[in-house]
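Input: a single structure, listed below in structure tokens.
Readers should treat all values here as calculations from the given coordinates under stated rules, not as data from a laboratory. Remember, predicted model here, so these are calculated numbers, not experimental data. Cβ atoms come from the backbone with ideal geometry, glycine included; neighbour counts cover every protein chain shown.
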Amino acid sequence: MRLAVRALLIPALLCTVAFAASAQDGRLGAAVDIASKNRSPPIYPPAEYRAGIEGELLIEVHVDAQGQRTATTIVHSSGSDVLDQSALRASATWTYIAGTENGQPVAGTVRIPVVFKLP
């Protein structure tokens, strides 16, 4: 049990340290507005749902200094073009937040995992 907790705790601490270091040098990366992502989640395509197809993908969104999405790429595919396209369509509706450097907005990228899992 302790090993499982440590296995989860160590990566979380490393992320915290990396974030703190980034914040200390005055840079923050772009982000997706979680509320907008939750309001417009990807639609599970009905045929894939009925067929029991699940998948996880990782998309990367390029955001300009005004917080506008300029490009989206699939870093890691779910293995299903239909699931991937559903995630890309949803990501086009989300709101993004520009990165900052020394308090000024700058262009950046954000990587977003998308999971299609049956209940």
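Relative to the current alpha-carbon distance between ILE97 and GLN85, full extension at 0.36 nm per residue lengthens the span by 2.1 nm. Can you grab the distance from the C-alpha centre of the stretch 83-103 to the C-alpha centre of the stretch 44-67, Å, no decimals? The stretch 83-103 and the stretch 44-67 have Cα centres separated by 12 Å. Cβ-Cβ distance of LYS117 and GLN68, R₀ of 25 Å, FRET efficiency by 1/(1 + (r/R0)^6): the value works out to about 0.25.
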